[in-house]
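Peer 1: Let me begin by handing over the structure; questions about it come next.
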Amino acid sequence: MAEPIPKIGIASNVFVRQMTFVNAGDVELGHKHAFDHLSLLAVGSIKIRIGADESTFQAPHMVFIRADQEHEITAMEPSTTMFCIHGLRGDNKTDDLIDPAMIPRGSALREFLKQVVVT
């Protein structure tokens, strides 16, 4: 059992955390958030535990998690991919965090990054 591989992006105070579960049985350990949020299950299937209750979902599927609810996510099959998506509020607001690999060719931002990023 391992934790998923994370990748994070932030644009216009929208936070996206991609979680790639390599193997069935990999677990995003129990945690909670101070706000309601959606998670998009893009590939595979998961089991979510909230308290003593468990639910399973098959991609593609959106999952709504209430604020302050501790939840744990377990991949039910290899290569499961899920995205946690929420707005940043109050003290959580931040500058954009964009991996250049996320930017399509032809974007003005991609051309700007070519000038400032040393490879």
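None of the figures in this text is laboratory data; all of them are computed from the coordinates on show. It should be emphasised that the depicted structure is a prediction, and the values quoted were computed from it without experimental measurement. Don't worry about glycine lacking a Cβ; one is built from the backbone with ideal geometry, like all the others, and counts go over all protein chains shown.
Peer 1: Any idea what the relative contact order of the range 5-93 is, in percent, if you count C-alpha pairs under 8 Å spaced at least 6 apart?
Peer 2: 41 percent
Peer 1: What order, most packed first, do the peptides 69-78, 45-54 have when packing is the mean number of other Cβ atoms within 10 Å of each residue?
Peer 2: Answer by packing, highest mean first, reads 69-78, 45-54.
Peer 1: Can you list the residues, at least 5 places off or on another chain, whose amide H is less than 5 Å from the amide H of GLY25, using H built in the peptide plane?
Peer 2: The list, which skips near neighbours in sequence, is ALA75, MET76, GLU77.
Peer 1: Would you mind getting the Kirkwood hydrodynamic radius of the range 1-68 from its Cα pairs, rounded to one decimal in Å?
Peer 2: Kirkwood radius, the range 1-68: 13.2 Å.
Peer 1: In nm, give the distance between the simple-model label positions of VAL14 and PHE64, each being 7 Å from the Cα along the Cα-to-Cβ direction.
Peer 2: Spacing of the two 7 Å Cα→Cβ label points: 1.9 nm.
Peer 1: Moving on to the next point. What residues qualify as long-range amide H neighbours of ALA42, i.e. H under 5 Å apart, gap of 5 or more or another chain, H built at 1.01 Å from N?
Peer 2: THR81, MET82, PHE83
Peer 1: Note down the nm distance, to one decimal, between modelled labels 7 Å out along Cα→Cβ at GLU3 and at GLU72.
Peer 2: 1.5 nm
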